[in-house]
Amino acid sequence: MPTETAPQAPQPTRRGRPVPTLLVVLLGMFTLPMAMSGTTVALPRIGSDLDASGASLQWVVVGYFLAASSFMLVAGSLGDVFGRRRVLTTGAALYSAGTLASAFAHHILLLDAARLLSGVGAAGVMASGGSLLAATFTGPARTRVFAALGTTAGVGLAVGPTFSGWMVDGLGWRTTFLVFAAAGTVILTGTRLLTESRADAPPRVDRTGAATFIGGLALTLFAVTQGSKSGWVSGSTLLPLAVGLALLTTFVRVEKRLAATGGQPVLDLSLTRDPAFLGWSLGSFGLGAGTTGVLVFLPTYLQGTSGTSAREAGLTLLLMTVPVLALPPLGARLVNRGVPARHLLVLSLLLIAAGNGWLTTLHPGISTAALAGPLLTVGVGQGLSLGIIDAQALGMVEPAKVGMASGFLNTVRGGTGAVMLTLFGALLLALVESRVGSAEVAGRVTAGAGGHADQFTDAWRITLWAVAGGTAGLALLVHRLLRPRARRRTAESTKTVPAAARTEPAPARSS
């Protein structure tokens with residue numbers, strides 16, 4: 001029986017062209033996770049072909065996430081102003097161009113730049129895609145649609161490593177990027193079938209807020225990535241970090257002043273003051289933080305310590321990604337039948353923490369059967385809640401701000417990817433370097449070149465325990481933020497947002 005009460009959920013309504021909108025958005029949410037997880041298995045081959053290792057090689061993945069997370073929030077708000085279909089179209093065009101350029105890059109820096117462009121495009125596709133669905137579907141229909149979104153993203157994650165591993169082994173990593181570019185072109189063409197959607201009273205563009213947010217977040221994340229390369233107390237790390245934090249502080253002040261004078265900020269900071277919305281956002285962060293490191297770096301470990309091929313590494317990751325494919329509809333169905341969504345989210349985070357702890361049994365030559373338990377546990381944890389977070393969080397936001405809220409949620413996801421890729425990789429690199437005594441050797445080892453397997457394994461175990469502890473801590477914090485008492489107290493004390501909008505949508509039996 002549900003332990004929470006809420007007003008009756010709104011009846012499902014459909015506006016615009018729901019079927020084409022759903023299909024185009026789902027294709028985007030299939031392609032982008034597939035491109036992310038698929039690229040990870042290609043890193044050792046890319047490093048060998050372009051003579052790259054360490055930070056410059058990891059930027060093939062990190063740069064994509066950094067660009068996507070920096071532009072995600074702004075893309076969502078621009079969709080509210082200029083039209084969500086227009087932003088989706090622009091994002092698809094940039095993504096396709098960047099991915100095509102990646103296929104023909106003959107230097108690691110050119111490939112990194114192309115991936116940055118792809119990330120900017122991905123921000124437009126992801127932020128506007130979610131807000132288009134939120135503007136088209138409501139009530140239980142929205143829950144089912146976002147569950148389908150989570151399922152589709154799970155399909156991309158599941159088949160990405162296997163598909164890309166087969167492509168890399170058989171035809172080379174450049175062909176993989178060509179296929180992803182072709183998928184982006186299909187998305188671009190499909191946007192012509194969509195109906196435009198924007199806020200009823202489009203506000204003026206918050207240019208100062210957009211500039212300070214993009215610059216601040218990009219410089220801060222760059223400093224994090226630079227720390228693993230040049231040292232955490234070097235000038236090349238501390239300077240961008242100081243400037244980035246200063247810009248983010250300026251962003252907060254600008255947004256507060258604009259909201260106080262009746263303007264429309266790029267981020268309504270009242271969203272982050274709502275414990276429930278903040279809890280769902282932190283839950284989304286936890287799902288990514290607990291899974292990104294394993295998803296991206298485990299193929300490299302298996303190829304470097306066990307001689308596993310890219311195709312075999314991709315197949316092994318199916319143990320983790322298939323549950324992400326299968327379970328989002330189950331999570332949505334449980335919520336619609338009365339299971340409190342917050343309980344599912346906390347359970348997911350605890351499962352992910354347990355899976356990371358279990359994976360510390362990792363060792364050179366480990367069998368697929370030995371990996372099955374921890375990888376399935378992590379995958380089940382992510383899959384249970386992947387399809388419910390957006391529906392729960394966006395259900396608290398008024399329709400005119402769904403683009404902003406969707407952009408914020410996707411910024412959290414993209415920022416999680418960029419930060420976790422950087423921190424996970426930096427910690428591995430630092431731990432290996434402390435054991436082998438050479439930064440150059442450590443860079444080759446962590447890039448999957450082989451050698452020093454015992455030292456590499458020790459570094460993995462320490463890093464996994466750190467992730468497990470952090471995810472368990474987030475589970476406790478999310479549980480506290482999503483308590484019904486906290487949500488009721490906020491609703492009673494806040495006048496700008498109706499109380500009904502701040503409660504979890506009422507469970508409704510799916511049809």
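The values are calculated or read from the model by the stated rules, or taken from the named source; none is laboratory data. Keep in mind that this is a model prediction, so the values were computed, not measured. Cβ coordinates were reconstructed from backbone atoms using ideal geometry, including for glycine residues, and neighbour counts include every protein chain displayed. Accessible surface areas use protein heavy atoms only, side chains included; no ligands, DNA or RNA. Shrake-Rupley method; radii C 1.70, N 1.55, O 1.52, S 1.80 Å.
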Lone unmet requirement of (1) more than 26 Å from Met167 (Cβ to Cβ); (2) open to solvent by 10 Å² or more (accessible area, probe 1.4 Å) for Leu349: (2)
Count of residues meeting criterion [surrounded by fewer than 24 Cβ atoms within 10 Å (Cβ to Cβ) and touching a residue at least 12 places away in the same chain (Cβ under 8 Å)] in the range 317-342: 13
Only one of Gly129, Gly124 that is buried (at least 23 other Cβ atoms within 10 Å of the Cβ), of a type outside the set (Asp, Glu) and touching a residue at least 60 places away in the same chain (Cβ under 8 Å): Gly129
Any chance Leu375 is closer than 20 Å to Gly279 by Cα and either among the aliphatic types (A, V, I, L, M) or not in a loop (DSSP other than H, G, I, E, B) (or both): no
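Residue by residue, here is whether (1) closer than 21 Å to Ala391 by Cα; (2) modelled with pLDDT under 90; (3) among the charged types (D, E, K, R); (4) out of contact with any Ser or Thr (no Cβ under 7 Å at 6 or more places or on another chain) holds:
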| position | (1), (2), (3), (4) |
| --- | --- |
| Ala289 | yes, yes, no, no |
| Pro299 | no, yes, no, no |
| Arg311 | no, yes, yes, yes |
| Thr316 | no, yes, no, no |
| Pro328 | yes, yes, no, no |
| Ala332 | yes, yes, no, no |
| Leu349 | yes, no, no, no |
| Gly355 | no, no, no, no |
| Leu362 | no, no, no, no |
The range 88-100 residues that are touching a residue at least 12 places away in the same chain (Cβ under 8 Å), paired with ones that are of a type in the set (Ser, Thr, Tyr) and open to solvent by less than 10 Å² (accessible area, probe 1.4 Å) (beta carbon under 7 Å, 6 or more apart): Leu88/Ser128; Leu88/Thr191; Thr89/Thr191; Gly91/Ser128; Ala92/Thr191; Tyr95/Ser118; Gly98/Ser118; Thr99/Ser118
Enumeration of residues in the range 244-297 that are among the aromatic types (Phe, Trp, Tyr) and either under 29 Å from Ser348 (Cβ atoms) or outside any helix (DSSP H, G or I) (or both): Phe277, Trp280, Phe285, Phe297
Selection status of Gly357, closer than 18 Å to Leu476 by Cα and either in contact with a Gly (Cβ under 7 Å, 6 or more places away or on another chain) or part of a helix (DSSP H, G or I) (or both): yes
Hits in the range 456-465 - residues which are open to solvent by 60 Å² or more (accessible area, probe 1.4 Å) and free of Cβ contacts under 8 Å to residues at least 60 places away in the same chain: Asp458, Ile462
Helices (runs of 4 or more DSSP H) contained entirely in the range 424-511, each with at least 2 residues that are closer than 18 Å to Pro299 by Cα, touching a helix residue (DSSP H, G or I) at 6+ places or on another chain (Cβ under 7 Å) and modelled with pLDDT of 85 or more: 453-481
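Yes/no matrix, rows are residues, columns are (1) in contact (Cβ under 8 Å) with a residue 24 or more places away in the chain; (2) of a type in the set (D, E, K, R):
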residue	(1), (2)
Arg207	no, yes
Ala210	yes, no
Phe213	yes, no
Ser234	no, no
Pro240	no, no
Val252	no, no
Leu258	yes, no
Leu269	no, no
Pro275	yes, no
Leu241 being touching a Pro at 6+ places or on another chain (Cβ under 7 Å), at pLDDT 80 or above and either open to solvent by 50 Å² or more (accessible area, probe 1.4 Å) or within 30 Å of Arg257 (Cα to Cα) (or both): no
Single condition Gly215 does not satisfy, out of (1) in contact with an Asp or Glu (Cβ under 7 Å, 6 or more places away or on another chain); (2) open to solvent by less than 30 Å² (accessible area, probe 1.4 Å): (1)
Count of residues meeting criterion [outside any loop (DSSP other than H, G, I, E, B) and surrounded by fewer than 19 Cβ atoms within 10 Å (Cβ to Cβ)] in the range 298-310: 1
Qualifying residue in the range 150-162 (condition: at pLDDT below 75, part of a helix (DSSP H, G or I), open to solvent by 10 Å² or more (accessible area, probe 1.4 Å) and of a type outside the set (Val, Ile, Thr)): yes
Looking only at the range 416-455, and only at residues there that are among the β-branched types (Val, Ile, Thr) and surrounded by fewer than 21 Cβ atoms within 10 Å (Cβ to Cβ), the one that is nearest to the chain's Cα centre (by Cα): Val441
Given (1) at pLDDT below 85; (2) crowded, with 20+ Cβ neighbours inside 10 Å; (3) aromatic (Phe, Trp, Tyr), number of the condition Trp232 does not satisfy: (2)
Checking Ser56 against (1) closer than 24 Å to Tyr301 by Cα; (2) surrounded by fewer than 24 Cβ atoms within 10 Å (Cβ to Cβ); (3) modelled with pLDDT of 80 or more, the condition it does not meet: (3)
Residues of the range 22-53 satisfying the condition of being closer than 20 Å to Ser96 by Cα, modelled with pLDDT of 80 or more and among the polar types (S, T, N, Q): Thr31
Filter pass, Ala122 being of a type in the set (A, V, I, L, M), part of a helix (DSSP H, G or I) and within 18 Å of Thr176 (Cα to Cα): yes
